[in-house]
Amino acid sequence: MGGSTKQALLQALSAAEGAYISGQQLAEALGVSRAAVHKAAQALSAQGYALDSAPRRGYRLAGGDPFCADAVGPYPAPIHIYDTLQSSNLTAKQLALGGAPHGTLVLTAHQKAGRGRLGRRFESPAGKGVYLSLILRPALSAADAQSVTISAAVAVARAVKALCGLELGIKWVNDLYYQGRKVCGILTEAGTDMESGQLEWLVVGIGLNLTTSSADWPEELARTAGSLYPGGPAPVSRAVLAGAIARELLSLCPAFDCLDEYRARCFVPGHWVTVCTGAETYAAKALSIDDAGRLVVEREGGRQVALQHGEVSIRPTRTG
């Protein structure tokens with residue numbers, strides 16, 4: 001049984017929107033034998049699709065959480081799918097250094113050592129989140145790399161809205177929130193041509209909590225971390241959502257022109273925040289996102305600063 005038969009069967013059952021199609025009808029539509037249809041259905045079931053079959057009724061697609069390249073859907077670049085990795089970004093960087101093309105997608109069901117910003121660990125419970133890394137080769141300078149992180153946040157928000165109907169807010173610069181809890185983090189890493197200052201490649205790592213519950217996190221995270229569907233089930237599979245996020249981000253290349261949408265989704269301006277730059281920590285009033293994607297804050301005393309990097313947390317009051 002070829003992969004084309006399996007993919008064609010998946011498309012036919014998906015188009016039926018949960019209705020049964022007889023084995024004979026499927027065989028005629030796909031131009032294969034009924035035995036080939038049966039074998040393709042078994043292969044889809046093994047990949048995580050929930051297929052029902054009944055005598056004299058045929059087959060129907062009942063959902064499931066398939067985790068395979070077929071589930072990602074039409075995609076313009078190589079897809080690498082793993083059950084477990086140390087880190088999807090680490091694997092993607094190795095592929096990038098080996099010449100992997102623009103758009104290459106790395107997707108894993110579990111990370112043993114997922115990483116967030118500032119070297120923090122990113123908890124990645126097996127089978128409960130979307131853990132992907134995307135290789136990009138844009139014609140950008142290293143100074144403009146933040147526009148890619150901004151675009152990645154917008155891509156996640158768009159995909160979640162389209163497939164889940166949920167609105168996510170963005171906390172500058174690269175965290176996404178739902179119902180007051182962080183549900184997604186983004187880590188962008190780059191390889192730069194030192195002579196030209198141009199980016200040779202970017203790896204955008206995205207970790208989105210889909211069905212994770214508080215029991216899956218260490219105690220210190222359980223108070224602040226969240227997920228879209230705690231404990232599940234989710235209305236969309238991990239691979240389908242990963243494919244949608246990757247396609248959204250690729251669609252924003254090479255212009256990465258979505259700053260207005262980012263501003264509309266970012267909830268930080270207007271709040272008092274604690275700013276941590278690594279060199280110092282201070283209280284400030286968040287004012288706006290400027291045209292370079294920097295967070296403009298006003299320090300006590302009235303001096304305004306445009307933050308290119310760093311981390312902010314919202315304070316309950318001006319002095320709290």
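The values are calculated or read from the model by the stated rules, or taken from the named source; none is laboratory data. None of these values were measured; they are calculated from a predicted model. Here the Cβ positions follow ideal geometry from the backbone for every residue, glycine too, while neighbour counts run over all protein chains shown. For the accessible areas, the whole protein counts, side chains as well, though only heavy atoms, and no ligand, DNA or RNA atoms are used. Shrake-Rupley method; radii C 1.70, N 1.55, O 1.52, S 1.80 Å.
Of note:
- Filtered by the rule that a residue be β-branched (Val, Ile, Thr) and out of contact with any His (no Cβ under 7 Å at 6 or more places or on another chain), the range 60-90 gives Val72, Ile79, Ile81.
- Checked against (1) under 16 Å from the mean Cα position of the chain (by Cα); (2) basic (Lys, Arg); (3) more than 29 Å from Thr104 (Cα to Cα), Arg299 passes all but condition (1).
- Segments classed as strands (runs of 3 or more DSSP E), wholly inside the range 27-128, with at least 2 members that are touching a residue at least 12 places away in the same chain (Cβ under 8 Å) and among the hydroxyl-bearing types (Ser, Thr, Tyr): 49-54
- The residue that is surrounded by the fewest Cβ atoms within 10 Å (Cβ to Cβ), counting only those in the range 81-111 that are under 21 Å from Leu250 (Cα atoms) and among the hydroxyl-bearing types (Ser, Thr, Tyr), is Thr91.
- Some residue of the range 174-184 being out of contact with any strand residue (DSSP E or B) (no Cβ under 7 Å at 6 or more places or on another chain) and either closer than 22 Å to Ala142 by Cβ or part of a strand (DSSP E or B) (or both): yes
- Checking every residue in the range 130-151 against the condition of being part of a strand (DSSP E or B) and more than 22 Å from Tyr82 (Cβ to Cβ) gives at least one match.
- Candidates are the residues of the range 212-236 that are of a type in the set (Gly, Ala, Ser) and touching a Leu at 6+ places or on another chain (Cβ under 9 Å); the one that is farthest from His80 (Cα to Cα) is Ser214.
- Of all residues making up the range 140-164, the number that are open to solvent by 20 Å² or more (accessible area, probe 1.4 Å) and either modelled with pLDDT of 95 or more or within 18 Å of Asp260 (Cβ to Cβ) (or both): 8
- Subset of the range 225-265 that is polar (S, T, N, Q) and within 22 Å of Ile150 (Cα to Cα) - its residue that is least open to solvent (accessible area, probe 1.4 Å): Ser227
- Only one of Ala92, Ala27, Ala100 that is out of contact with any Ser or Thr (no Cβ under 9 Å at 6 or more places or on another chain) and not polar (S, T, N, Q): Ala100
Residues checked against (1) in contact (Cβ under 8 Å) with a residue 40 or more places away in the chain; (2) closer than 30 Å to Glu200 by Cβ:
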residue	(1), (2)
Gly231	no, no
Leu241	yes, yes
Ala246	yes, yes
Leu259	yes, yes
Val268	yes, no
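- Scope the range 165-215; condition among the polar types (S, T, N, Q), surrounded by fewer than 23 Cβ atoms within 10 Å (Cβ to Cβ) and out of contact with any helix residue (DSSP H, G or I) (no Cβ under 6 Å at 6 or more places or on another chain); matching residues: Gln179, Ser196, Gln198, Thr211, Ser213
- Among the criteria (1) buried (at least 18 other Cβ atoms within 10 Å of the Cβ); (2) more than 15 Å from the chain's Cα centre (by Cα); (3) at pLDDT below 95, the one Val37 does not fulfil is (3).
- Conditions (1) under 19 Å from Asn174 (Cβ atoms); (2) touching a strand residue (DSSP E or B) at 6+ places or on another chain (Cβ under 6 Å); (3) open to solvent by 50 Å² or more (accessible area, probe 1.4 Å); (4) not small (Gly, Ala, Ser); number of the one not met by Gln304: (1)
- Taken together, Val268, Val296 contain a single residue that is surrounded by 15 or more Cβ atoms within 10 Å (Cβ to Cβ), assigned to a loop (DSSP other than H, G, I, E, B), in contact with a strand residue (DSSP E or B) (Cβ under 8 Å, 6 or more places away or on another chain) and of a type in the set (Val, Ile, Thr), which is Val268.
- Some residue of the range 68-80 being more than 30 Å from Ser124 (Cβ to Cβ) and open to solvent by 70 Å² or more (accessible area, probe 1.4 Å): no
- From Leu51, Leu26, Leu13, Leu61, residue being under 23 Å from Arg238 (Cβ atoms) and open to solvent by less than 30 Å² (accessible area, probe 1.4 Å): Leu13
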